[in-house]
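Comments concern the structure below.
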Amino acid sequence: GEAALPATPSALSATPALVARGEYLARAGNCMACHTAQGGAAYAGGRGIDTPFGVVHTSNLTPDKATGIGSWSADEFWRALHNGRSKDGRLLYPAFPYPNYTQVTRDDSDAIFAFLQSLPAVKQANRAHALRFPFNTQVALGVWRALFFAPGTPSFDTGQSAQWQRGAYLVNGLGHCAACHTPRNALGASNSSRAFGGGLIPVQNWYAPALTAAAEAGVAHWPVQDVVALLKTGVAPQGSVSGPMAEVVFRSTQYLSDADAQAVAVYLQALPQQPPAVAVVARPSAAMMARGGKVYEKHCAQCHGEQGEGKPGAFPALAGNRAVMLQDPTNLIRTVLQGGYLPATAGNPRPHGMPPFMQVLTVDEVAAVSTFVRNTWGNQAPAVDTIGIYRARERRGS
């Protein structure tokens with residue numbers, strides 16, 4: 001249940017060590033990504049987060065007393081993370097992932113608060129949310145929380161190693177990985193019975209692949225150092241990150257300590273894996289494959305190779321690439337249309353990118369080349385139709 005705020009605010013001694021730890025934890029939680037508007041001051045809020053129910057604008061986390069959290073106590077900040085309530089007791093929208101942050105410890109909450117209070121104060125009033133009725137009411141939020149939220153604590157499994165425990169804490173709490181990698185119901189709540197089972201990120205229209213399936217983003221059979229490499233550099237021998245995950249690596253996971261990155265890897269490798277689905281895939285028409293082959297030869301083979309072999313360290317192989325063969329082709333379509341760029345990281349400072357082909361290829365050509373790479377060099381996946389392309393173009397997220 002929810003604990004009442006203490007009558008006397010808890011004293012917090014913001015030592016340099018505590019502030020530094022808070023900065024590290026805020027990066028682990030990727031707080032700045034949402035709480036910074038494009039071109040705006042860091043942590044000053046104002047970024048619009050699109051949801052199926054309207055737009056939620058992020059709040060100012062700088063220590064400005066009038067518009068930020070300068071007048072907040074450490075107890076009030078902890079209550080926001082743990083219970084999803086603002087300073088005045090209002091219920092917060094779960095676009096702020098307090099269903100995950102509720103697992104953050106009080107010590108870590110205090111460290112993050114100390115860091116935020118050390119930032120330059122920015123006077124920037126919070127923007128009103130633009131949500132449709134009835135989703136813009138506290139009553140609706142109260143009902144949602146009664147159905148889908150209970151304040152929690154870190155879930156520890158005494159049968160597991162200390163490294164696994166640390167990984168579980170980072171993945172399920174600050175990392176809020178399940179917020180994208182778990183399917184959601186019609187009311188926007190994560191389906192906990194299918195945790196990490198993959199899901200389409202609402203409105204953004206990118207598919208966050210299942211971490212519980214070897215054919216999607218499961219890493220159970222990878223060497224642990226390759227999982228660490230993916231988190232820290234965005235690239236591993238078996239694949240690379242793209243779309244929203246590239247931003248997560250760029251802003252957050254590349255800064256994890258080696259010990260924490262290894263703990264996350266150990267936890268992800270231990271996730272229960274789904275048995276591989278046996279799908280019968282209808283062979284695409286010869287005409288579509290021929291057309292796709294021509295497009296590939298003209299626009300793609302120069303980088304990705306005539307046999308889809310790619311160039312190690314530069315361009316990913318498409319042969320055997322599970323991201324190419326996902327049952328849901330959304331990510332492949334988005335990459336062909338909009339291009340793809342790996343994050344610049346300390347371990348991969350000048351990554352190669354792929355240009356967008358939206359203005360170069362027709363919708364039929366995008367469908368044909370996508371189908372071709374999904375069904376050549378031993379790859380096998382359902383054909384891509386033009387309806388899927390139109391849908392991806394219409395709902396082109398940020």
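Only four residue types carry charge here, +1 at the Cβ of Lys and Arg and -1 at the Cβ of Asp and Glu. Report the dipole size of the chain about the Cα centre in Debye, rounded to the nearest 20. Before the final figure, lay out each step's value.
Working: 31 positive and 24 negative charges, 150 e Å.
Dipole of the chain, to the nearest 20 debye: 720 debye.
Pairing the Cα long axis of helix 16-28 with the longest principal axis of the chain, what angle in degrees results, from 0 to 90 and rounded to the nearest 10?
40
For GLN327 and ALA37, compute 0.36 nm times the residue count separating them, minus their Cα-Cα distance, and round to one decimal in nm. If you can, show how the numbers build up before the last one.
On the way: separation 290, 0.36 × 290 = 104.40 nm, distance 3.39 nm.
101.0 nm is the gain from fully extending GLN327 to ALA37.
Under a GNM of the chain (C-alpha, springs under 10 Å), which listed residue has the highest mean-square fluctuation: VAL360, VAL264, VAL369?
VAL360
With each run of n ≥ 4 DSSP H residues scored as -39500 (n - 2.57), what mean residue ellipticity at 222 nm is computed for the chain after dividing by its residue count and rounding to the nearest 500 deg cm²/dmol? Walk me through the intermediate numbers first.
On the way: 16 runs with 147 residues, N = 398.
One gets -10500 deg cm²/dmol as the mean residue ellipticity at 222 nm.
Put +1 on the Cβ of each Lys and Arg and -1 on the Cβ of each Asp and Glu in region 16-148; which of GLN38, PHE53, GLN117 then has its Cα farthest toward the positive end of the dipole?
Farthest towards the positive end: PHE53.
Which whole-number percentage describes the relative contact order of the chain, with Cα contacts under 8 Å and a sequence gap of 6 or more? Please report the intermediate quantities before stating the final value.
Values: 697 pairs, mean separation 53.3, N = 398.
Across the chain, relative contact order equals 13 percent.
I'd like to know which of LEU187, LEU231, SER242 lies farthest towards the positive end of the charge dipole of region 162-270, counting +1 on Cβ of Lys and Arg and -1 on Cβ of Asp and Glu.
It is LEU187.
Using 1/(1 + (r/R0)^6) with R0 = 51 angstrom and r between the beta carbons of SER10 and THR386, what's the FRET efficiency to the nearest 0.05? Don't jump to the answer; show the numbers that get you there.
On the way: r = 59 Å, r/R0 = 1.16.
Efficiency computed from Cβ-Cβ geometry: 0.30.
Out of the DSSP beta bridges found with both residues in region 16-148, what percent are antiparallel (nearest 5)?
Working: 7 of 8 bridges.
Around 90 percent antiparallel, to the nearest 5.
Among DSSP bridges having both ends in the chain, what percentage is antiparallel? Round to the nearest 5. Before the final figure, lay out each step's value.
Values: 17 of 18 bridges.
Of the beta bridges lying entirely in the chain, close to 95 percent run antiparallel.
Give me the dipole magnitude in Debye, nearest 20, for region 196-297 about the Cα centre, with unit charges on the beta carbon: positive for Lys and Arg, negative for Asp and Glu. Before the final figure, lay out each step's value.
On the way: 5 positive and 6 negative charges, 82 e Å.
With Lys and Arg at +1 and Asp and Glu at -1, about 400 debye.
Take the Cβ-Cβ distance between ASP258 and GLN160 as r, set R0 to 22 Å, and report the resulting FRET efficiency rounded to the nearest 0.05.
Values: r = 20 Å, r/R0 = 0.91.
That pair, ASP258 with GLN160, gives E of 0.65.
So I have (i) 24, 51, 20, 5, 1, 0; (ii) 28, 57, 14, 1; (iii) 25, 55, 18, 1, and one of them is P(r) over Cα pairs in 20 Å bins from 0, in percent calculated from this model. Which one is it?
Computing P(r) over Cα pairs in 20 Å bins from 0, in percent and matching it to (i) 24, 51, 20, 5, 1, 0; (ii) 28, 57, 14, 1; (iii) 25, 55, 18, 1 gives (iii).
May I ask you to list the residues of region 55-90 whose amide nitrogen lies under 13 Å from a point 7 Å from Cα along the Cα→beta-carbon direction of ALA140?
55-56
Report, to the nearest 10°, how far helix 106-117 tilts away from the longest principal axis of the Cα atoms in the chain, using its own Cα long axis and a range of 0 to 90°.
Long axis of 106-117 versus the principal axis of the chain: about 90 degrees.
³J(HN,Hα) across region 120-128 via Karplus (A = 6.51, B = -1.76, C = 1.60, θ = phi - 60°), whole Hz, x for Gly/Pro?
Here the 3J(HN,Hα) series is x, 6, 10, 7, 8, 5, 6, 8, 5 Hz.
Step through the residues of region 237-244 one at a time and calculate ³J(HN,Hα) from phi using the Karplus curve (6.51 cos²θ - 1.76 cosθ + 1.60, θ = phi - 60°), rounding each to whole Hz and writing x for Gly and Pro.
x, 8, x, 9, 8, 8, x, x
Anyone know which of ALA130, ALA220, ALA111 comes out most mobile in the 10 Å Cα GNM of the chain?
Ranking ALA130, ALA220, ALA111 by mean-square fluctuation puts ALA130 first.
Under 28 Å Cα-Cα from LYS294, which lysines qualify once same-chain neighbours fewer than 8 residues away are excluded?
LYS311
Straight-line reach from LYS123: which lysines have a Cα under 29 Å away, not including same-chain ones fewer than 8 places off?
LYS65, LYS87
Can you work out ³J(HN,Hα) from phi for every residue in region 325-330, in order, using Karplus 6.51 cos²θ - 1.76 cosθ + 1.60 and θ = phi - 60°, giving whole Hz and x for Gly and Pro?
Using θ = phi - 60°, the values come out as 9, 3, 3, 8, x, 3 Hz.
Bear in mind these aren't lab numbers, they're just calculated from the coordinates by the rules spelled out. Every value quoted in this text rests on a predicted model; they were computed, and no experiment measured them. Glycine also receives a Cβ, built like all others from the backbone with ideal geometry; neighbour counts cover every protein chain displayed.
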